[in-house]
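Asker: I am attaching a structure below and will ask some questions about it afterwards.
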Amino acid sequence: MISGILNTGYEALAAGILGAFFAQVIKFFIFTIKTRKINFKIFTTTGGMPSSHSAGVMGLSTAVGLIEGYDSIVFAIALGFALITMYDAAGVRRAAGKTAACLNKMMDDFYNHDVQAIGGKLKELLGHTPLEVIMGAIFGVLFAYALHYYVLMP
């Protein structure tokens, strides 16, 4: 039954969605080990090691390459989508997170530590470091290969 999705669009979707999901699971365990605290909000937050966005888009792209061929137009489109997503995660969203941290510090100082008076703090952990993006991408590629060759192959 599960091998019925081999070499279909369902395999590509599964590689992308499950790759991102398992990256979030890894992120949860890394956070728990580092801080010795359990925080289930990690499953729904952005930022952190590894990048689940990168894992998802690279898992999808790799599965498309395995199914359609690495010289196909569809793979080129999927890889272009992945590269833009990863650039955004490490670039624009990371800069927005740094800006939020700076604004939070300024508002904390200005309002004498009563930032609730202005509606609370801005979310700071929005983007990823380049290492987090690279590790997410590597995980996504490896996950797609493992799914294709070890889970779905009869």
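Asker: Between residue 36 and residue 70, with labels modelled 7 Å along Cα→Cβ, what's the label distance in nm to one decimal, could you check?
Answerer: In this crude spin-label approximation the distance works out to 4.5 nm.
Asker: Still on this structure, please answer the following. Using θ = phi - 60° and the Karplus form 6.51 cos²θ - 1.76 cosθ + 1.60, what ³J(HN,Hα) does each residue of segment 134-145 get, whole Hz, x for Gly and Pro?
Answerer: Each residue of segment 134-145 in turn: 5, 5, x, 5, 4, 4, x, 5, 4, 5, 4, 5 Hz.
Asker: Still on this structure, I have one more. R0 = 22 Å: FRET efficiency of residue 7 with residue 138, Cβ-based, nearest 0.05?
Answerer: 0.40
Where a number appears in this text, it was derived from the coordinates with a stated rule and is not lab data. Computed from a prediction, not measured in an experiment: that's the story for all the values here. FYI the Cβ positions are ideal-geometry reconstructions off the backbone, even for glycines, and counts take in every protein chain you see.
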